[in-house]
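**Q** Supplied in structure tokens, the structure appears directly below.
Quick note: the coordinates plus some simple rules give every number you see, no bench work behind them. The structure presented is a predicted model; accordingly, all values stated were derived computationally and were not measured. Positions of Cβ are backbone-derived with ideal geometry, glycine not excepted, and every protein chain shown enters the neighbour counts.
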Amino acid sequence: MKRILKFTIYLFTLLICATTTIAQQKEDVIYLMDGGQKKGKVITIGDEIIKFSYTGEELQYELKKSLIDKIVFANGREESFRSAGNASSTVNATALQASAIQGGNRLAVIPFEIASNDQGLTTDVMRREVQQACVDALRSRSLSIQVQDARTTNATLAKNNINLAEIANHTPEELAKLFGVDYVILGVYDIENKGTFSYGSGVASYDDKKKDNKTKGTVVQSNNSYTSTNYDTKVLMTIYDATGRQLFSDTRKPFLGGVDSYKGALKTLAKRVPLK
């Protein structure tokens, strides 16, 4: 009887250890060249792009393989992406870090592009509002990066006779040189008008002394109606260095769409940028 009990305890202990090991290794871990990590599920590995989803999310994101050091998969398998190209990127990243130590840590946020089927939203005012929200999101992280004031950025564009519609005609390298910064952020706020719907209610009451006699007296009618618009939104943020090299690109699609849903999306993206 004692032997059976000991054997049962032994099997139970093994089961707990195996379950714990599986629970601890339930995520794919992407190790970036800058030392950062991303945990979730690797969907596909292409020639230049890796698609993955964060833990607990279904939305797929893309990462350039040149930014990745290695991936440790949930089953324990490890795949390295450090190649001659990545080694070069590491050298460039080291040079950028050295530049930041010497004061080369200035960043400018360019007014976002607005992609929408609702022409009433594709305005310069909206572009500047999203730009300011991005500046606020980055500053809330207390980074060592100096984020240039949005007014300064826009004033520089105006002084150089560049209106917001012409920004797309300039490369990230040209924009960084124009502002005298080390990094620039370009982004797109995609907002689709899914249509409107209306709903309402009505109440009829009878003003009569005899409540059981509704054939006499005056009818008082009260109606309320409401109209709401549905939006499907997505925010893309991309960071370039002063040489025009892309350092980071990510997309966030808010769970609940709305005209101002970009604020929450930018806060999430700001937490994911590789700049320290």
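**Q** How far apart, in nm, are two points set 7 Å out from the Cα along the Cα-to-Cβ line at Glu79 and at Lys39?
**A** So the label points at Glu79 and Lys39 sit 2.1 nm apart.
**Q** Students often get this wrong, so check it: of Lys41/Lys263; Lys177/Lys267; Lys41/Lys65; Lys159/Lys263; Lys38/Lys70; Lys65/Lys234, which have C-alpha atoms separated by over 18 Å? Kindly include the intermediate steps, with their values, before the conclusion.
**A** Working: Lys41/Lys263 26 Å; Lys177/Lys267 27 Å; Lys41/Lys65 16 Å; Lys159/Lys263 29 Å; Lys38/Lys70 11 Å; Lys65/Lys234 23 Å.
With Cα atoms farther than 18 Å apart: Lys41/Lys263; Lys177/Lys267; Lys159/Lys263; Lys65/Lys234.
**Q** On a full-extension model of 0.36 nm per residue, what is the gain between Thr123 and Glu192, subtracting their alpha-carbon distance, rounded to one decimal in nm?
**A** Result for the pair: 23.4 nm of gain on full extension.
**Q** Then there is this: Determine, for each peptide in 267-275, 49-57, the mean count of other beta carbons within 10 angstrom over its residues, then list the peptides with the highest first.
**A** Ranking the peptides 267-275, 49-57 by packing returns 267-275, 49-57.
**Q** Something else about it: Does anything in the range 109-152 have its amide N under 15 Å from the 7 Å Cα→Cβ label point of Thr238, and if so which residues?
**A** From the range 109-152, the list is 110-115.
**Q** Residue-wise, which Karplus ³J(HN,Hα) couplings in Hz belong to the range 150-163, taking 6.51 cos²θ - 1.76 cosθ + 1.60, θ = phi - 60°, and x for glycine or proline?
**A** Values, residue by residue: 4, 5, 5, 4, 5, 5, 5, 4, 5, 5, 9, 6, 10, 7 Hz.
**Q** Between the range 175-190 and the range 139-173, what is the C-alpha centre distance in whole Å?
**A** Cα centres, the range 175-190 to the range 139-173: 6 Å.
**Q** Same structure again: Quick one: which of 164-175, 236-247 comes out on top by average Cβ neighbours within 10 Å, and what's the full order, highest first?
**A** 236-247, 164-175
**Q** So between Lys159 and Asp260, what do we pick up on full extension, going 0.36 nm a residue minus the alpha carbon distance?
**A** Going from the current span to full extension adds 33.4 nm.
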